[in-house]
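The values are calculated or read from the model by the stated rules, or taken from the named source; none is laboratory data. None of these values were measured; they are calculated from a predicted model. So basically every Cβ, Gly included, is an ideal-geometry build from the backbone, and we count neighbours across all protein chains shown. Surface areas here come from the heavy atoms of the whole protein model, side chains and all, with no ligands, DNA or RNA. Shrake-Rupley method; radii C 1.70, N 1.55, O 1.52, S 1.80 Å.
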Amino acid sequence: MASSTPPHYSLTAWKPYQNHPYPQRNHRQNPNHHHQHNNRRHRNNPKLAAAHKFALAKPPLPSPHNSGNAASATAAAAATAAATANDTEDPTFPSLPALNAPKSDLGPEFSGRRSTRFVSKMHPGRHKTNVGARRTSVADEALQHALRYGKDERGLQNVLLTFEPKLCGFGDYTFLLREFGNRSDHLKVVRCFEFAVRRVRRKNEQGKLASVTISILGKLKKVGLARSVFDTALREGYGNNVRAYSALISAYGHSGKSREAIKVFQTMKNSGLKPNLVTFNALIDAYGKGGVELDKVLQILDEMLKNGIQPDRITYNSLLAVCSRGGYLEAAKHWFDEMVYKGIDQDDVTYNTYIDALCKCGQLDSAIEIMSQMPAKNMVPNLVTHSTMVAGYAKAGRSDEALSIFNNMRFLGFKLDTISYNTLLKIHLELGDFQEVVDICKEMDDRGVPKDAGTYNALLAGYGKQKKYDGMTRVYKEMNAAQVCPNLLTYTTLIDLYSKAGLYREAMDAFKELKQAGLELDVVLYSALINALCKNASVDSAVSLLHEMTRVGISPNVVTYNSIIDALGRYMTAEADFGGSRPSCPMFIEDLTENKTADAKEDSRIMKYFGQLASERVGPSKKDSRGRQEILCILGVFKKMHELEIKPNVVTFSAILNACSRCNSFEDAAMLLEELCMFDNQVYGVAHGLLMGYREAMWVQALSLFDEVRHMDPETAPAFYNALTDMLWHFGQRRGAQLVVLEGKRRRVWDNVWSDSCLDLHLMSSGAARAMVHAWLLNIRSIVYEGRELPKLLSILTGWGKHSKVVGDGALRRAIEGLLTGLGAPFQLAKCNIGRFVSTGSVVATWLRESGTLKVLVLEDDRSHPTSGGIHKIPDLQTLAL
DNA sequence: GCCCAGTTCC
């Protein structure tokens, strides 16, 4: 809860300020003292010093007025009450203070499976409304004609020429530009600019037209066009001003190109212009949208302050957006509070952005709490606030509550828009409610809510992930019929899902269309291609593509590397991949930044890969044993990530553990983990320690690591626990494996794992499931020994196993069958469900009472180094299990 | 005149 936020901030998750606590709130009573203190402390670190200067800016006068509207507070209260009622934390999942656990060193990126493509979007509703624009009535008439007769270039030209004598210069042309922008018609924007700039007299007005046009094109994500307008303006002598530069920086931001944005910023300064508040705001925003690290943003803040520019509401809003996208929760809390402290008005954007940051970090209760504070500030949670909450609950896997908020939005009479419908669609698509999906689409049509690329992308992804490829193809046709222009994400989705399905022809067609549409590949698309190659063909091709993308100037990210590591762990020994002359892996990866001179033929190369995939139709050959060579490869890739400053995350960790699980050499696996401790002792230290049998000494650190994993995506956390457990189980650390899996259960990583009558192993890896079977049977045994009766029917569900496509025919079922047979446990396959093992309570009770049963159920580690009289006592099995 | 919030993706 926000209200319980301590007056000083936890520093665990936020590296830049790791050892530099924020001043406490009550420090404001004596700011000078702390100012000096902090200056002294940060003398050798200008960045931190600046951050503190920022944090300790003079307390301002109390704000006499608030922004925001004064609409019905009743509606807000109702909304809040309804939402709060939905946010009941499960009391059986207490928070875990972890005793004396050391504070974590992990950055927010560790647990993040957050998007690594940060591109902003066009919000037609957020355009300058143009309502009060200074224009003549002729402008409206011209607009109508332009829309009707200006379908092609000549038509537009004619309309403009016709109206030219009556249009009143700058005001009217700006109006037209904005209206074309509102209709996402970038060509009209450009033509109108070209026309208008020749017809206004003063350089000043030409400059205005240019910056408005650059801004509009930027928001339409036509940064190339924005750049051309800028260059033209510069060349013709009306573009060398702060506003044009700021607009261009913003335009790069809207396309997620923060590196280009900073270049423009540099150029601007080099040409003698002094960046103003708006420039800095645009740059901070571009950083947020480009997903850069927080310390780069702090550098910009530093520079801003050094130039004597004080941050305003929009600066803070942009900073909060940086936090929301990057998961910098502590920073978000700090800046949100600091706005109050400095008397900077918080508006609905502030609240919504902050609420979004909380939601993205899984802090749903805090988000609700903040939302409930809005009415007191004369703000009503609006459509965006509610959509944010819906998405937040959906992301946390709490779709019931998400849908309930959505229903409340209907009840409150919000006019639902495309984005809120898109969010709703995604939820029903994930639930597999396809009839509901169809109904919602119809409702959108009936209510005249336009479907955008986001709608279709959600539909494509939703159908594709449920393996409904016909549905996907149908949606794509509908999208074309509705003349909604596919964007890069559309093609990424198509290529990714078709490739995963082995439908390479379709994937190749999508790729061709993408090229025809003139779109440029980005890191996400490259990563999707690399992933497809890893999963379906060869690590070797994937690595060439990795070289390729680097060469054309697209930097791989953690997701790209995770695919490679995962593939190395799985398929590295497929001999065919290397044509008999396999280079040593670390070197292979090393030359990644070399070879920049080769001709750019990436398109044809990608087509060639698709061709290979489509014609060969062979999966990678699998081999059970993994050796030193592959382990060295993974180490090499990890080092490369370190060099490139790509921070590994929990997915990387899981992939490495999975590789260890497939490695037959304990020594090699232990060596890998030990080497990796040099890069990240907390994460790999725990894995290595548990593997080596230093369980008791390790457990407190392990708990602290598990705490990090707490607020992860519903799919990421199980993958982590599965991987760690599998690795331990594989190397005979079975009691350790069991402790990990029970800790996962205690933290509700898997839903409803067990009851007295049923053990549900679905979504568990084979190691996790086997460790869990032992624990569950011991639990059942304790019931028998307490003299209580067992349920009549006992079931063990293996579901469909995590990676199996056929119901009940997964590796998991076979593993469990083998385990039960080995234990002599009297379970049989259910007749009507081949993924389910059943028995009766009485038969199982009899078996549990047999003398040898306990011995086979209790797990031991192969390697154990108990700490004599250790201070960190591990809870015993029963405590954990119950 | 230039700058800020919610959806779709590896």
Which of (1) open to solvent by 40 Å² or more (accessible area, probe 1.4 Å); (2) within 10 Å of DNA strand B (Cβ to nearest atom); (3) in contact with a His (Cβ under 8 Å, 6 or more places away or on another chain) does residue A:420 not meet, given it meets every other one? (1)
From A:360, A:274, grab the single residue that is within 12 Å of DNA strand B (Cβ to nearest atom) and under 25 Å from residue A:646 (Cα atoms). A:360
Taking the condition of being within 11 Å of DNA strand B (Cβ to nearest atom), of a type in the set (S, T, N, Q) and part of a loop (DSSP other than H, G, I, E, B), how many residues in region A:241-258 meet it? 1
The number of residues in region A:132-177 that are under 11 Å from residue A:192 (Cβ atoms) and of a type in the set (Gly, Ala, Ser) is 3
Starting from region A:815-826, keep only residues that are over 16 Å from residue A:765 (Cβ atoms), then list their pairs with residues that are part of a helix (DSSP H, G or I) whose Cβ atoms are within a distance under 7 Å, requiring at least 6 positions of separation or different chains. A:823/A:856; A:825/A:777; A:825/A:847; A:826/A:843; A:826/A:844; A:826/A:847
Select from region A:345-364 the residues that are open to solvent by 30 Å² or more (accessible area, probe 1.4 Å) and at pLDDT 95 or above and write down the one among them that is farthest from residue A:423 (Cα to Cα). A:345
Test result for residue A:528, in the same structural domain as residue A:559 (by TED's automatic domain parsing), within 12 Å of DNA strand B (Cβ to nearest atom), in contact with a helix residue (DSSP H, G or I) (Cβ under 7 Å, 6 or more places away or on another chain) and touching a residue at least 40 places away in the same chain (Cβ under 8 Å): no
For residue A:839, only one of the following conditions fails: (1) at pLDDT 90 or above; (2) assigned to a helix (DSSP H, G or I). What is its number? (2)
Sort through A:342, A:306, A:333 and tell me the only one that's open to solvent by 10 Å² or more (accessible area, probe 1.4 Å), touching a Cys at 6+ places or on another chain (Cβ under 9 Å) and more than 10 Å from DNA strand B (Cβ to nearest atom). A:333
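Go through A:796, A:783 for me and flag whichever is farther than 25 Å from residue A:362 by Cα and not in a helix (DSSP H, G or I).
Being farther than 25 Å from residue A:362 by Cα and not in a helix (DSSP H, G or I) holds for just one of A:796, A:783, which is A:796.
Taking the options A:498, A:476, name whichever one is more than 9 Å from DNA strand B (Cβ to nearest atom), of a type in the set (Ser, Thr, Tyr) and more than 27 Å from residue A:222 (Cβ to Cβ).
Selected residue: A:498, the only one of A:498, A:476 that is more than 9 Å from DNA strand B (Cβ to nearest atom), of a type in the set (Ser, Thr, Tyr) and more than 27 Å from residue A:222 (Cβ to Cβ).
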Helices (runs of 4 or more DSSP H) contained in region A:128-240 and holding at least 2 residues surrounded by 14 or more Cβ atoms within 10 Å (Cβ to Cβ) and within 16 Å of DNA strand B (Cβ to nearest atom): A:169-182, A:186-197, A:203-219, A:223-235
Within region A:503-512, identify whether any single residue is near DNA strand B (Cβ under 10 Å from one of its atoms) and either assigned to a helix (DSSP H, G or I) or surrounded by fewer than 22 Cβ atoms within 10 Å (Cβ to Cβ) (or both), and answer yes or no. no
Suppose the filter is crowded, with 18+ Cβ neighbours inside 10 Å and away from DNA strand B (no atom under 12 Å from the Cβ); does residue A:262 pass it? yes
Can you tell me which residues in region A:711-732 are within 21 Å of residue A:695 (Cβ to Cβ), in contact (Cβ under 8 Å) with a residue 40 or more places away in the chain and either in contact with a helix residue (DSSP H, G or I) (Cβ under 6 Å, 6 or more places away or on another chain) or open to solvent by 60 Å² or more (accessible area, probe 1.4 Å) (or both)? A:720, A:721, A:722, A:723, A:724, A:725, A:726, A:727, A:729, A:730, A:731
Checking the structure you have, find out if any residue of region A:373-395 is more than 12 Å from DNA strand B (Cβ to nearest atom) and either open to solvent by less than 50 Å² (accessible area, probe 1.4 Å) or in contact with a His (Cβ under 6 Å, 6 or more places away or on another chain) (or both). yes
Kindly evaluate residue A:403 against the criterion of being within 20 Å of residue A:474 (Cα to Cα), open to solvent by less than 50 Å² (accessible area, probe 1.4 Å), modelled with pLDDT of 95 or more and more than 8 Å from DNA strand B (Cβ to nearest atom). no
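So that you can scan it fast, the table gives a plain yes or no per residue for (1) open to solvent by 10 Å² or more (accessible area, probe 1.4 Å); (2) among the polar types (S, T, N, Q); (3) out of contact with any helix residue (DSSP H, G or I) (no Cβ under 9 Å at 6 or more places or on another chain):
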position: A:633; (1), (2), (3): no, no, no
position: A:674; (1), (2), (3): yes, no, no
position: A:679; (1), (2), (3): yes, no, no
position: A:682; (1), (2), (3): yes, yes, no
position: A:688; (1), (2), (3): yes, no, no
position: A:692; (1), (2), (3): yes, no, no
Take residue A:259 and tell me if it is over 25 Å from residue A:312 (Cβ atoms) and either touching a Ser or Thr at 6+ places or on another chain (Cβ under 7 Å) or without any contact (Cβ under 8 Å) to a residue 40 or more places away in the chain (or both). yes
Residues of region A:442-469 that turn out to be open to solvent by less than 30 Å² (accessible area, probe 1.4 Å), near DNA strand B (Cβ under 10 Å from one of its atoms) and over 17 Å from residue A:483 (Cα atoms), as a count: 3
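How many of the residues in region A:288-312 are without any contact (Cβ under 8 Å) to a residue 40 or more places away in the chain and assigned to a helix (DSSP H, G or I)?
Of the residues in region A:288-312, 5 are without any contact (Cβ under 8 Å) to a residue 40 or more places away in the chain and assigned to a helix (DSSP H, G or I).
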With respect to residue A:280, determine if the residue is within 14 Å of DNA strand B (Cβ to nearest atom) and either over 21 Å from residue A:555 (Cβ atoms) or surrounded by fewer than 22 Cβ atoms within 10 Å (Cβ to Cβ) (or both). yes
